[in-house]
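J.: Attaching a single structure in structure tokens format; questions to follow.
The values are calculated or read from the model by the stated rules, or taken from the named source; none is laboratory data. Remember, predicted model here, so these are calculated numbers, not experimental data. Every residue, glycine among them, receives a Cβ derived from its backbone with ideal geometry; neighbour counts consider all protein chains shown.
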Amino acid sequence: MAKIQIITIAANILFILYISRLIIKGKLREEYAIVWVICTVFLMLFSFWRNGLEVLARITGVYQAPNLVFTGFIFAILIYLLHLSVVASKLHNDNKKLAQEISLLKEQFNKHLDKKE
Amino acid sequence: MPAKVLIVIPCYNEEASLPSVLHELQQIILPGYQLKILVVNDCSKDNTSVVAKKHNTIVIDLPVNLGIGGAVQTGILYARDNDFDLAIQLDGDGQHPPKELAKMIRFHEETGVNIVIGSRFLEKEGFQSSFARRLGIQYFHWLNRLFTGLHVYDSTSGFRLFDRDAIEIAAINYPDEYPEPESLVVFSKAGLKIREVAVIMSPRLGGKSSIRHFGSLYYCIKVSLAMLFSFIRKS
């Protein structure tokens, strides 16, 4: 096994451990972790199977294998960013509703307090 | 029983202009109508909330800054939950003279439309705003005609009257950022009747417009997109 393979595999294992730790501590929700786990699976696959990239490039008709990596990863990152924007938009809407409800409730509550006094 | 009218004043840092606006509003007496004033404080950094409370109005303090649309919608929600017949949005910066309120209510009485917009362009009187801004407003007039088929000359005006049907719809669906032109698309798709009435506006007494410099380009693009998607979206 080549040196570079050992390094990537070790880095991968550390990455998976870190993701697991985040999930266990409740800092990362599972639905967002799926993407990261899939990423590490891919990285792991290609660190064991060194020719894999060349094979894939030949199948898809890409001349230079590294270009396939860039194209694939940039596309995946864009999709994931879009997904994060969707999540942020949903949070924005939920936040707005919560803020409105809280302020209306507070007003009602103060009115009741004033009546009692 | 008199009709209940809620005057919704969305405020962000308006402590300078608010007292005179509230004072003028409290002088207004309309036979057959019971007016209530609601100040929605959109997490101001100044003493807007304290100033408003001093004037004996209903004050709702938002815990986070929601933007003008979110603030107006909070007022609309209050109107819905407390069974008001009409809600009138009026800016806290003094641009919308409170005495013009009677005109809008009377217009609603005569025509029975769901939404009345106080427009500064139907008659060329009072504050007319700058050239660039008028150009933008012209553009939105065209865009509005495209999406709603309506001739609304002052689609960015925030001086508006909502009746019960309009309150019901705005409580559920009201855009948060730069809501005025976009909301017209939402309302017209919902089948509400929208009409304008001429009012005389004044230049703002204090504070700054939320739309300046590069912001205006962003404003145009954002609002155009929002209107397009509101038009396409199934209501």
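J.: Taking the condition of being within 14 Å of another protein chain (Cβ to nearest Cβ) and of a type in the set (K, R), how many residues in the stretch B:62-101 meet it?
T.: 1
J.: If you don't mind, another one. What are the pairs, 6+ residues apart or on separate chains, where a residue within the stretch A:42-60 that is in the same structural domain as A:K3 (by TED's automatic domain parsing) and of a type outside the set (S, T, N, Q) has its Cβ under 8 Å from a residue that is surrounded by 15 or more Cβ atoms within 10 Å (Cβ to Cβ) and outside any helix (DSSP H, G or I)?
T.: none
J.: While we're on this one: Hey, among the residues in the stretch B:148-173 that are within 17 Å of B:G67 (Cβ to Cβ) and among the polar types (S, T, N, Q), which one's surrounded by the fewest Cβ atoms within 10 Å (Cβ to Cβ)?
T.: Ranking the candidates gives B:N173 first.
J.: Just to be sure, is B:D93 at negative phi, of a type in the set (D, E, K, R), part of a loop (DSSP other than H, G, I, E, B) and touching a Ser or Thr at 6+ places or on another chain (Cβ under 7 Å)?
T.: yes
J.: Can you name the number of the only condition in (1) at pLDDT 85 or above; (2) within 27 Å of the chain's Cα centre (by Cα); (3) farther than 22 Å from B:L62 by Cα that A:L98 fails?
T.: (3)
This table checks each residue for (1) of a type in the set (S, T, N, Q); (2) out of contact with any helix residue (DSSP H, G or I) (no Cβ under 7 Å at 6 or more places or on another chain).
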{"site": "B:L6", "(1), (2)": "no, no"}
{"site": "B:S20", "(1), (2)": "yes, yes"}
{"site": "B:H23", "(1), (2)": "no, yes"}
{"site": "B:I28", "(1), (2)": "no, no"}
{"site": "B:I37", "(1), (2)": "no, no"}
{"site": "B:D42", "(1), (2)": "no, no"}
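J.: Conditions first: (1) within 10 Å of chain A (Cβ to nearest Cβ); (2) in contact (Cβ under 8 Å) with a residue 24 or more places away in the chain; (3) more than 18 Å from the chain's Cα centre (by Cα). B:S20 passes all but one, so which condition is the exception?
T.: All conditions pass for B:S20, except number (1).
J.: Has the stretch B:110-126 got any residue that is surrounded by fewer than 22 Cβ atoms within 10 Å (Cβ to Cβ), over 17 Å from B:L161 (Cα atoms) and at pLDDT 85 or above?
T.: Scanning the stretch B:110-126 turns up no residue that is surrounded by fewer than 22 Cβ atoms within 10 Å (Cβ to Cβ), over 17 Å from B:L161 (Cα atoms) and at pLDDT 85 or above.
J.: Which of the residues that make up the stretch B:1-30 are in contact with a strand residue (DSSP E or B) (Cβ under 6 Å, 6 or more places away or on another chain) and not charged (D, E, K, R)? Outline the logic, then answer.
T.: Step one: list which residues in the stretch B:1-30 are in contact with a strand residue (DSSP E or B) (Cβ under 6 Å, 6 or more places away or on another chain), which gives B:2-11, B:25.
Within the stretch B:1-30, B:P2, B:A3, B:V5, B:L6, B:I7, B:V8, B:I9, B:P10, B:C11, B:L25 qualify.
J.: Just checking, how many residues over the stretch B:15-34 are surrounded by 14 or more Cβ atoms within 10 Å (Cβ to Cβ) and closer than 12 Å to B:H55 by Cβ?
T.: Count: 8.
J.: Of the conditions (1) crowded, with 16+ Cβ neighbours inside 10 Å; (2) in a loop (DSSP other than H, G, I, E, B); (3) free of Cβ contacts under 8 Å to residues at least 24 places away in the same chain, B:D176 satisfies every one except a single condition; which number is it?
T.: Answer for B:D176: the failing condition is (3).
J.: While we're on this one: Report yes if some residue within the stretch A:17-32 is more than 28 Å from A:V86 (Cβ to Cβ), within 18 Å of the chain's Cα centre (by Cα) and not hydroxyl-bearing (S, T, Y); otherwise report no.
T.: yes
J.: Kindly indicate whether A:I23 is assigned to a helix (DSSP H, G or I), surrounded by 12 or more Cβ atoms within 10 Å (Cβ to Cβ) and touching a residue at least 24 places away in the same chain (Cβ under 8 Å). Spell out how you get there, then give the answer.
T.: On the way: assigned to a helix (DSSP H, G or I): yes; surrounded by 12 or more Cβ atoms within 10 Å (Cβ to Cβ): yes; touching a residue at least 24 places away in the same chain (Cβ under 8 Å): no.
No, not satisfied.
J.: Could we say that B:R80 is touching a residue at least 12 places away in the same chain (Cβ under 8 Å), of a type in the set (D, E, K, R) and in a helix (DSSP H, G or I) here?
T.: Yes, satisfied.
J.: Taking the stretch A:28-80, which residues are assigned to a loop (DSSP other than H, G, I, E, B), surrounded by 11 or more Cβ atoms within 10 Å (Cβ to Cβ) and not charged (D, E, K, R)?
T.: A:L28, A:W49, A:V62
J.: Go through B:V59, B:V51 for me and flag whichever is at the interface with chain A (Cβ under 9 Å from one of its Cβ atoms) and either at pLDDT 95 or above or not in a loop (DSSP other than H, G, I, E, B) (or both).
T.: Only one candidate passes the filter, namely B:V59.
J.: Please go through the stretch B:1-47 and pick out each residue that is of a type outside the set (A, V, I, L, M, F, W, C) and closer than 17 Å to B:Y78 by Cβ. Write out each step before concluding.
T.: Within the stretch B:1-47, the first condition is being of a type outside the set (A, V, I, L, M, F, W, C), and the residues that meet it are B:2, B:4, B:10, B:12-15, B:17, B:19-20, B:23-24, B:26-27, B:31-34, B:36, B:41-42, B:44-47.
Matches in the stretch B:1-47: B:K4, B:P10, B:Q34, B:K36, B:N41, B:D42.
J.: Filter the stretch B:45-70 down to residues that are among the small types (G, A, S) and surrounded by fewer than 23 Cβ atoms within 10 Å (Cβ to Cβ) and give me whichever is farthest from B:E182 (Cα to Cα).
T.: Taking the candidates together, the pick is B:S49.
J.: While we're looking at this one, here's another question. Specify the residue that is surrounded by the fewest Cβ atoms within 10 Å (Cβ to Cβ); the eligible residues are those in the stretch A:81-117 that are within 9 Å of chain B (Cβ to nearest Cβ) and small (G, A, S).
T.: Ranking the qualifying residues of the stretch A:81-117, first place goes to A:A99.
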